[in-house]
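Engineer: Dropping a structure here in structure tokens format, bear with me for questions.
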Amino acid sequence: MALVSVKRVLISESVDPCCKTILQENGIEVTEKQQMTKEELIAEIQNYDGLVVRSATKVTSDVINAGSNLKIIGRAGTGVDNVDVDAATKRGIIVMNTPSGNTISAAELTCALLMSLSRHIPQAVMSMKDGKWDRKKFMGAELYGKVLGIVGLGRIGKEVATRMQSFGMTTIGYDPITPPEVSASWGVEQMSLEELWPQCDYITVHTPLMPSTTGLLNDASFAKCKKGVKVVNCARGGIIDEAALLRALESGQCGGAGLDVFVEEPPKDRVLVNHPNVISCPHLGASTKEAQARCGRDIALQIVDMATGKALVGAVNAQVLVNTFSPDSHQWIRLGESMGSVLKACTASKQPYSQVHVTSLGESLKKSSGFLSSAAVVGLLTEGPQKGPNLVNALPLAAETGITVQTDHKDSNEREVCVLEVSVNGSSYTAVGSVQAGVPVLLELNGSVFRQPVPLTGHLLFFKASNSTELLLSVTGVLAAAGVLLQSFSASTVSSAEQWYCMGISSLLGDIGALKSLAKEAAQLTV
């Protein structure tokens with residue numbers, strides 16, 4: 001069972017043909033339209049469930065909001081800085097990339113730039129083409145014995161390290177996520193940036209572009225480096241402050257730079273490109289036949305796997321979905337949504353919610369608490385049959401509306417259950433449910449335990465009243481008068497003067513007000 005239905009995909013850039021082939025072979029209709037303007041993309045995108053891009057297409061909030069049917073944005077490459085991920089998340093749209101597709105190609109280009117910087121190869125080539133023979137002008141330096149600082153020790157950083165170690169370079173690095181013992185296993189000693197800068201003969205950056213990495217190499221950083229340090233950026237323009245780099249090049253503090261990326265692409269200001277100590281490329285990190293084939297294949301397979309309910313790989317904004325691909329996870333998602341809908345119906349006159357607390361019990365639900373919380377919030381926030389929140393955007397939407405969501409798991413040797421508690425205007429309301437024989441069922445409502453589990457399916461009528469034979473006769477009379485058939489019935493154990501009842505009915509009552517004189521509380525819903 002697939003959580004997301006993908007029937008039509010738009011490819012807006014030149015992606016390897018295997019991407020289209022794989023999607024079509026799996027029953028997905030594909031349209032390729034390249035070099036569209038923003039206005040053309042906005043007009044076109046509303047017809048598709050999915051969008052596949054590389055780096056040129058700017059998937060802005062305007063584009064995302066125009067995609068009324070859009071469910072997934074696939075980036076055939078590593079970074080997603082050309083996609084407004086926050087806007088996509090708010091719309092419940094999955095954003096995925098191919099994190100390993102261009103790893104080798106980007107690492108090899110980085111190594112090529114490091115070698116070119118050490119021996120002035122591009123400058124020497126151009127000199128030769130001008131008919132010159134300037135051997136002394138292009139005196140270089142060996143990489144052997146030099147120190148390479150690698151900022152960002154992910155996939156690409158690791159591949160660069162292992163390759164440059166074969167040249168006899170000492171590799172040191174910095175990464176706030178990769179554990180030091182992991183990088184040490186492939187020959188990179190981790191340290192703080194303050195310790196790293198003064199030791200490096202060469203520096204290469206391999207981080208995403210975000211506020212904390214923008215201008216990571218700046219005037220202050222260059223001042224702490226060895227005089228003549230050489231730098232390479234094959235990651236994202238802006239990680240190295242371009243103005244600071246130019247100043248460092250002019251002063252000699254930086255001895256050369258290899259740049260594959262720029263803040264503005266293509267750069268209108270050519271001062272860095274034209275600098276004699278800069279080697280520049282037009283963003284070629286992923287521009288190999290192998291990388292393009294790999295990225296095209298990977299993004300297509302990832303979309304197919306997600307759409308067919310096999311797995312979710314490469315998602316950058318929907319980690320809650322990762323554990324939703326087990327055979328029975330969909331029934332638990334239905335349970336969470338249904339329990340949320342039940343409490344929403346029973347508290348309709350008491351909103352807004354201030355807190356939601358979801359607790360899962362049982363060993364098999366240890367990895368399910370995340371999506372159970374999201375599912376419960378979906379049920380609580382959904383208004384009518386129109387398109388509402390989903391597992392991707394439920395928690396961000398809850399935060400926007402001031403709802404605090406808390407998730408817990410408790411190991412239990414007893415049956416697996418989910419407990420949903422919501423706080424409304426100082427009062428607390430609770431539902432307890434489980435899955436039995438593949439069917440979501442309600443076990444308890446506000447402390448009242450149902451004698452028979454209530455299947456959470458179809459049209460349900462809940463009401464709370466004193467236990468009496470006359471009550472049930474009166475309620476069934478109201479149903480009969482409205483032409484509504486009683487299909488199932490369950491009562492809770494008597495814990496006070498009043499108890500909860502649930503009836504499965506053939507259709508919802510046109511006017512539930514007829515029950516107001518018979519029950520203290522009454523609510524109906526369809527799940």
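Engineer: For GLU383, put the label point 7 Å out on the Cα→Cβ axis and report which residues of segment 71-97 keep their amide N under 16 Å from it.
Structural biologist: Within reach of a label on GLU383: 91.
Engineer: Under 12 Å from the 7 Å Cα→Cβ point of LEU193, by amide nitrogen: which residues of segment 154-173?
Structural biologist: No residues fall inside that zone.
Engineer: Taking R0 as 22 Å, what's the FRET efficiency between GLU470 and SER507 from their Cβ-Cβ distance, rounded to 0.05?
Structural biologist: 0.35
Engineer: So, with a 1.4 angstrom probe, what is the percent of accessible area on the chain that is carbon and sulfur?
Structural biologist: Its accessible area is 52 percent carbon and sulfur atoms.
Engineer: List the relative contact order of the chain as a percent without decimals, with contacts defined as Cα pairs under 8 Å and 6+ residues apart.
Structural biologist: 11
Engineer: Quick one: order PHE222, PHE167 from most to least accessible surface, probe 1.4 Å.
Structural biologist: PHE167, PHE222
Engineer: Rank-order 124-135, 197-208, 32-43 by packing density, defined as the average count of other C-beta atoms within 10 Å over each peptide's residues, highest first.
Structural biologist: Highest to lowest by the protection proxy: 197-208, 32-43, 124-135.
Engineer: Just how far, in whole angstrom, is segment 231-259 from segment 472-527 if you go by their alpha carbon centroids?
Structural biologist: 73
Engineer: Once the piece of chain linking LYS268 and GLN355 is laid out straight, how much longer is it, given 0.36 nm per residue of separation minus the C-alpha distance between them?
Structural biologist: 26.2 nm
Engineer: Counting DSSP beta bridges in the chain, what percent are antiparallel, to the nearest 5?
Structural biologist: 50
Engineer: Still on this structure, please answer the following. Considering only the other residues whose Cβ falls under 15 Å of the Cβ of GLU242, what net charge follows from Lys and Arg at +1 and Asp and Glu at -1?
Structural biologist: Charge balance in the 15 Å sphere: -3.
Engineer: Please compute, for the alpha-carbon atoms of segment 102-280, the extent along each of the three principal axes and give them in descending order in Å.
Structural biologist: 52, 34, 32
Engineer: I've got another one for you. Could you state the number of Å between the C-alpha centres of segment 423-470 and segment 8-42?
Structural biologist: 47
Engineer: If one takes the longest principal axis of the Cα atoms in the chain, at what angle in degrees, from 0 to 90 and to the nearest 10, does the Cα axis of helix 103-119 lie?
Structural biologist: Computed tilt is about 20 degrees.
Engineer: To the nearest 10 degrees, how steeply does helix 289-307 sit against the main Cα axis of the chain, on a 0 to 90 scale?
Structural biologist: 10
Engineer: GLN165 versus LYS366, label points 7 Å from Cα toward the beta carbon: distance in nm?
Structural biologist: 3.3
Engineer: Mind ranking 140-153, 345-358 by how tightly packed they are, going by the mean number of other C-beta atoms within 10 angstrom, highest first?
Structural biologist: 140-153, 345-358
Engineer: What distance in nm lies between label points placed 7 Å from Cα along the C-beta direction at ALA437 and LYS33?
Structural biologist: Those two pseudo-labels are separated by 5.1 nm.
Engineer: Between helix 329-346 and the chain, what is the angle of the helix's C-alpha long axis to the longest principal axis, kept within 0 to 90° and rounded to the nearest 10?
Structural biologist: Between the helix axis and the principal axis of the chain, the angle is about 60 degrees.
Engineer: Same structure again: At a Förster distance of 56 Å, what's the computed FRET efficiency of ARG135 paired with ASP328, Cβ-Cβ distance as r, to 0.05?
Structural biologist: With R0 = 56 Å, the Cβ-Cβ based efficiency is 0.20.
Engineer: Mind checking the full-extension length gain between GLU142 and GLU521? Use 0.36 nm per residue of separation minus the Cα-Cα distance, one decimal, nm.
Structural biologist: 128.2 nm
Engineer: Give me the percent relative contact order of segment 458-526, please, defined on Cα pairs under 8 angstrom at least 6 residues apart.
Structural biologist: RCO, segment 458-526: 50 percent.
Engineer: Looking at the square roots a ≥ b ≥ c of the eigenvalues of the Cα gyration tensor of segment 442-487, which shape do they give, rounded for a/c under 1.5, prolate if a/b is larger than b/c, or oblate?
Structural biologist: oblate
Engineer: Report the calculated FRET efficiency for MET126 and LEU284 (r = Cβ-Cβ distance, R0 = 25 Å), to the nearest 0.05.
Structural biologist: Calculated transfer efficiency: 0.90.
Engineer: Using a/c under 1.5 as the rounded threshold, could you call the chain rounded, prolate or oblate? The axes a ≥ b ≥ c are square roots of the C-alpha gyration tensor eigenvalues, and prolate needs a/b larger than b/c, oblate otherwise.
Structural biologist: Prolate is the answer for the chain, as a/c is 1.5 or above and a/b outweighs b/c.
Engineer: Extension gain ALA480-ALA220, at 0.36 nm per residue separation less the Cα-Cα distance, in nm?
Structural biologist: 85.6 nm
Engineer: Please calculate the 1.4 Å probe accessible area of GLU421, with all protein chains present, and give it to the nearest 10 Å².
Structural biologist: Counting only protein heavy atoms, GLU421 exposes about 70 Å² to solvent.
The values are calculated or read from the model by the stated rules, or taken from the named source; none is laboratory data. Here the structure is a predicted model, which is why all the values come from computation and not from measurement. Using ideal geometry, Cβ is built from the backbone for each residue, glycine included, and neighbour counts are taken over all protein chains shown. All accessible areas refer to the heavy atoms of the entire protein, side chains included, with ligands and DNA or RNA removed. Shrake-Rupley method; radii C 1.70, N 1.55, O 1.52, S 1.80 Å.
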